[in-house]
Amino acid sequence: MSDEALIVLDKVNKYFGPLHVLQDVDLSVTRGEVVVVIGPSGSGKSTLCRAINRLEPINSGTITFDGRPLPAEGRSLARLRSEVGMVFQSFNLFAHKTILQNVMLGPVKVRKEKPAVVRERAMSLLERVGIANQAEKYPAQLSGGQQQRVAIARALAMQPKAMLFDEPTSALDPEMVGEVLDVMTSLAREGMTMVVVTHEMGFARHAANRVVFMADGQLVESAPPAEFFANPKSDRAKDFLSKILTH
Amino acid sequence: MDVFSDPLNREVYLTGFLWILKLTLAGGVGALVLGVLLAAMRVSPVPVLRAFGTAWVNIFRNTPLTLIIFFCYFGLFSTLGVSFSDDIDLNNFWLGVTGLSVYTAAFVCEAIRSGINTVPAGQAEAARAIGMTFRQTLTMIILPQAGRAVIAPLGSIIIALCKNATIVGTIGLMESSNAMKELINANGDAVVPIFLVFAGTFAIVLIPTGYAFGWLANRLAVKR
């Protein structure tokens with residue numbers, strides 16, 4: 001991890017109608033850092049994550065990625081998005097394309113890379129997430145855990161500078177959570193810059209460099225996981241942890 | 001049934017349905033291309049295009065086809081001098097195709113648009129997240145899935161188009177309804193048999209067409 005900031009949010013505000021979902025949020029993520037965002041539902045975690053590649057436009061403040069402010073809608077924004085991998089809660093694999101086509105589509109159509117080269121990379125990524133033998137199947141034929149691993153491979157195929165995970169395990173059956181977290185943990189170990197919105201406290205503890213706690217649209221606390229889980233400073237975080245860690 | 005034992009009458013019958021077939025094919029291609037373009041306009045982020053698409057649908061979906069075909073002949077051709085061919089039949093044919101296409105495209109557009117609504121928003125988000133432009137997202141992710149969702153309703157539209165093609169007879173093309181009128185005029189004693197043969201021909205061709213579209217819809221359905 002270097003000290004160079006890759007993602008910088010400065011005084012970011014976002015409203016859904018009268019609802020102030022992001023309130024003066026400041027956050028800086030350095031290269032190679034793994035930031036886990038936790039907090040109660042409705043606290044703005046997902047919105048924060050989606051704002052970083054502008055799937056959710058913000059009302060004020062600035063977001064900078066790799067030294068450049070997020071461009072407005074258009075080609076330059078598309079280019080920026082291609083450098084930021086995103087994994088969704090509901091997988092969102094392209095339902096009419098095979099697993100292999102899902103992984104190859106971005107590099108071939110967006111980056112205009114040669115299909116033969118991309119195919120090789122896609123197959124090795126699928127190998128890595130353990131789905132290579134299902135390459136010719138369609139998303140609906142795979143389990144949730146498998147689909148989510150393909151979604152990670154699809155994002156990685158673009159060779160992104162950072163990865164955003166928006167509750168990647170929340171829609172999974174419990175026995176499939178582990179296989180997805182394993183892939184994410186190995187990514188984190190390899191030095192991928194990651195912003196992960198999740199309810200998996202175990203993952204936050206062992207894979208995160210930093211835990212960010214959000215409540216009511218505000219970024220309440222930010223600390224290394226050991227410190228955060230042992231000594232939450234704010235009452236809001238104490239309250240949250242007491243509710244989830246007692247079971 | 002002596003009417004159809006006369007080769008000249010059979011010729012009239014065949015020519016009539018050949019025109020219907022050609023009108024349906026050409027009109028169908030025109031309507032599909034135009035309809036997809038209109039649907040793309042109606043979901044585009046550009047207000048002018050959206051307004052154009054909406055206006056097109058409102059105008060052509062709510063105007064009788066007979067009037068549109070009349071306008072193609074008397075407006076486009078007679079008044080504005082738009083001519084497709086020196087051959088009068090071919091000219092009438094293409095004027096008819098124009099009218100059928102612009103009219104049917106409005107229905108195709110709305111069918112495709114309802115298909116777009118069946119595609120989960122996450123599909124477009126995932127496409128944008130890997131860096132696809134609006135056009136790439138639409139043509140590679142949204143429209144292919146939307147199209148598969150509306151094959152059955154498109155089938156109904158094509159069937160309607162085939163029957164609507166008889167209206168081109170009003171501007172003089174010897175399509176099936178004109179052919180039937182001619183045969184009836186010459187064979188007043190065989191009105192019912194002539195009518196049954198013409199109506200039956202439509203039904204015999206179109207009933208399997210409907211089933212074929214239903215089969216295709218099932219086969220191509222996107223599994224989620």
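A compact table of results
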item: Long-range neighbours under 8 Å by Cβ, at least six apart or interchain, first residue surrounded by 12 or more Cβ atoms within 10 Å (Cβ to Cβ) within the stretch B:66-88, second among the charged types (D, E, K, R) and at pLDDT below 90; result: none
item: Selection within the stretch A:201-219 - in contact (Cβ under 8 Å) with a residue 60 or more places away in the chain and either within 11 Å of residue A:240 (Cβ to Cβ) or among the charged types (D, E, K, R) (or both); result: A:201, A:210, A:213, A:214, A:215, A:216
item: Unique residue being outside any loop (DSSP other than H, G, I, E, B) and either of a type in the set (S, T, N, Q) or away from every other protein chain (no Cβ under 14 Å) (or both) when the list is A:58, A:63; result: A:63
item: Matching residues, the stretch A:135-157, being assigned to a loop (DSSP other than H, G, I, E, B) and closer than 24 Å to residue A:37 by Cα; result: none
item: Hits in the stretch B:59-83 (condition: of a type outside the set (Phe, Trp, Tyr) and under 20 Å from residue B:115 (Cβ atoms)); result: B:61
item: Checking residue A:126 against (1) hydrophobic (A, V, I, L, M, F, W, C); (2) closer than 16 Å to residue A:186 by Cα; (3) touching an Asp or Glu at 6+ places or on another chain (Cβ under 9 Å), the condition it does not meet; result: (3)
item: Residue match in the stretch B:184-193 (condition: of a type in the set (Asp, Glu) and surrounded by fewer than 17 Cβ atoms within 10 Å (Cβ to Cβ)); result: yes
item: Enumerated helices (runs of 4 or more DSSP H) restricted to the stretch B:72-149, each holding at least 3 residues that are in contact with a Pro (Cβ under 9 Å, 6 or more places away or on another chain); result: B:88-118
item: Unique residue being in contact (Cβ under 8 Å) with a residue 24 or more places away in the chain and either in contact with a Pro (Cβ under 7 Å, 6 or more places away or on another chain) or within 14 Å of chain A (Cβ to nearest Cβ) (or both) when the list is B:220, B:206, B:173, B:183; result: B:220
item: Residue ID - surrounded by the fewest Cβ atoms within 10 Å (Cβ to Cβ), chosen from residues in the stretch B:117-140 that are of a type in the set (Val, Ile, Thr) and more than 9 Å from chain A (Cβ to nearest Cβ); result: B:118
item: Subset of the stretch A:98-151 [surrounded by fewer than 22 Cβ atoms within 10 Å (Cβ to Cβ), among the β-branched types (Val, Ile, Thr) and within 14 Å of chain B (Cβ to nearest Cβ)]; result: A:98, A:108, A:110, A:118
item: Breaking point among (1) polar (S, T, N, Q); (2) under 30 Å from residue B:182 (Cβ atoms); (3) under 21 Å from the mean Cα position of the chain (by Cα), for residue B:58; result: (2)
item: Test: residue B:204 is within 20 Å of the chain's Cα centre (by Cα) and exposed (fewer than 15 other Cβ atoms within 10 Å of the Cβ); result: yes
item: Search result, residues across the stretch A:66-78 that are at the interface with another protein chain (Cβ under 8 Å from one of its Cβ atoms) and at pLDDT 90 or above; result: A:78
item: Enumeration of residues in the stretch A:168-199 that are more than 17 Å from residue A:150 (Cβ to Cβ) and either crowded, with 21+ Cβ neighbours inside 10 Å or touching a strand residue (DSSP E or B) at 6+ places or on another chain (Cβ under 8 Å) (or both); result: A:188, A:192, A:193, A:194, A:195, A:196, A:197, A:198, A:199
item: The lone exception for residue B:143 - which of (1) touching a residue at least 12 places away in the same chain (Cβ under 8 Å); (2) crowded, with 21+ Cβ neighbours inside 10 Å; (3) within 14 Å of chain A (Cβ to nearest Cβ) it fails; result: (2)
item: Matching residues, the stretch A:79-97, being among the small types (Gly, Ala, Ser) and more than 7 Å from every other protein chain (Cβ to nearest Cβ); result: A:85
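Residue by residue, here is whether (1) modelled with pLDDT of 95 or more; (2) outside any strand (DSSP E or B); (3) touching a Lys or Arg at 6+ places or on another chain (Cβ under 7 Å) holds:
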site	(1), (2), (3)
A:3	no, yes, no
A:29	yes, no, no
A:35	yes, no, yes
A:53	no, yes, yes
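Yes or no, residue by residue, for (1) under 25 Å from residue A:90 (Cβ atoms); (2) in a loop (DSSP other than H, G, I, E, B):
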position: A:159; (1), (2): yes, yes
position: A:163; (1), (2): yes, no
position: A:183; (1), (2): yes, no
position: A:187; (1), (2): yes, no
position: A:206; (1), (2): no, no
position: A:236; (1), (2): no, no
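The values are calculated or read from the model by the stated rules, or taken from the named source; none is laboratory data. Keep in mind that this is a model prediction, so the values were computed, not measured. Methodologically, a virtual Cβ is constructed for each residue, glycine included, from the backbone with ideal geometry; neighbour enumeration extends over all protein chains shown.
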